[in-house]
Amino acid sequence: MKQVRCMPQSTKGDLNMCDVCVMEAVKVRMLNRRDLFKGVAAASVAAGLTGTAALADGHNAVQDMTHAYDGDFPTFFGVPGITYEQPFNWDEHKFNLFDLTIREHTGTHIDAPFHFSADGVSVDQIEVGNLVVPLCVVDIKARAAEDADTLVTPDDLKAWISANGDIPERACVAMNSGWSAHVGDEKYRNADGEGKLHFPGFHAEAAAMLLETGAGSIAVDTLSLDHGISADFATHYAWLGSGRYGIENLANLDNVPASGATLVVGAPTHKGGSGGPARIFAMV
């Protein structure tokens, strides 16, 4: 860095010259800092282009786990989960602004305990420490390809533990059924002639087993924590009723390991909500 030095002066008039030196020194420092920030910005852009970043705890990449959604995104009840109105647009107002009407359980979203309990925690009350958690991925793709009504069972969890060790404290245990590949077509809901849905989910006994571990949430790559054909939502009642939360319509589970990733859940914070769309990513 360039240095600017002032020589001691003995008269009041000469003090003005020292003031000029100080101003010059400040200017030099500002220019150097500007160059530094430009370099940092360039490095950040480069990291974004490669999909990697310098992250804590040995993570070196970020994987988006969220589906973008609009009025065509599949929903459990088969009706649009979001509608748009645009009171301000670029051509008329020189800015864009939309009014959105959103059903809470649309797209990649959280089920808060309040969703299936009379007085459970609402989505804004979920502790932030439970939203940045270890991710455990249980792969049942092969079975789901043959049987749309298959379930994550206690045997699947035991197999995961045998291969990867104990389920970490506060972990999110996610089902990877491969179902997100169908999100753009009717098979995602997979309704039969009677209107019953067919897609994988968690067996209530698997949820009960996870309640005995340190797991804090479960997640699925389908429309429901229960499999589609469920008539009693036993997994929802057991899991959410215990004060834990769930995630539905998770994306890109094939792109994260069975263990070792950290899930970051951007939960919405509207007061008293039973859930809501969330931006979720994994640090791998």
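The values are calculated or read from the model by the stated rules, or taken from the named source; none is laboratory data. Computed from a predicted model, the values in this text were never measured in an experiment. Here the Cβ positions follow ideal geometry from the backbone for every residue, glycine too, while neighbour counts run over all protein chains shown. The protein model used for the area step is the full one, side chains on, heavy atoms only, and it has no ligands, DNA or RNA in it. Shrake-Rupley method; radii C 1.70, N 1.55, O 1.52, S 1.80 Å.
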Scan of segment 95-126 for residues that are under 30 Å from Ser162 (Cα atoms) and open to solvent by 10 Å² or more (accessible area, probe 1.4 Å), ordered by number: none
Scope segment 131-146; condition open to solvent by 20 Å² or more (accessible area, probe 1.4 Å) and either in a helix (DSSP H, G or I) or without any contact (Cβ under 8 Å) to a residue 40 or more places away in the chain (or both); matching residues: Lys141, Ala142, Arg143, Ala145, Glu146
Selected residue [buried (at least 17 other Cβ atoms within 10 Å of the Cβ) and among the polar types (S, T, N, Q)] from Thr213, Thr262, Thr269: Thr262
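To keep it simple, each residue is scored yes or no on (1) without any contact (Cβ under 8 Å) to a residue 24 or more places away in the chain; (2) open to solvent by 10 Å² or more (accessible area, probe 1.4 Å); (3) assigned to a loop (DSSP other than H, G, I, E, B).
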{"position": "Ile218", "(1), (2), (3)": "no, no, no"}
{"position": "Ser224", "(1), (2), (3)": "no, no, yes"}
{"position": "Ala231", "(1), (2), (3)": "yes, yes, yes"}
{"position": "His236", "(1), (2), (3)": "no, no, no"}
{"position": "Leu250", "(1), (2), (3)": "no, no, yes"}
For segment 67-94 the number of residues that are surrounded by fewer than 17 Cβ atoms within 10 Å (Cβ to Cβ), within 24 Å of Ile218 (Cβ to Cβ) and within 18 Å of the chain's Cα centre (by Cα) is 1
Candidates Asp156, Asp124 - the one that is of a type in the set (Asp, Glu), within 19 Å of Trp239 (Cβ to Cβ) and touching a residue at least 24 places away in the same chain (Cβ under 8 Å): Asp156
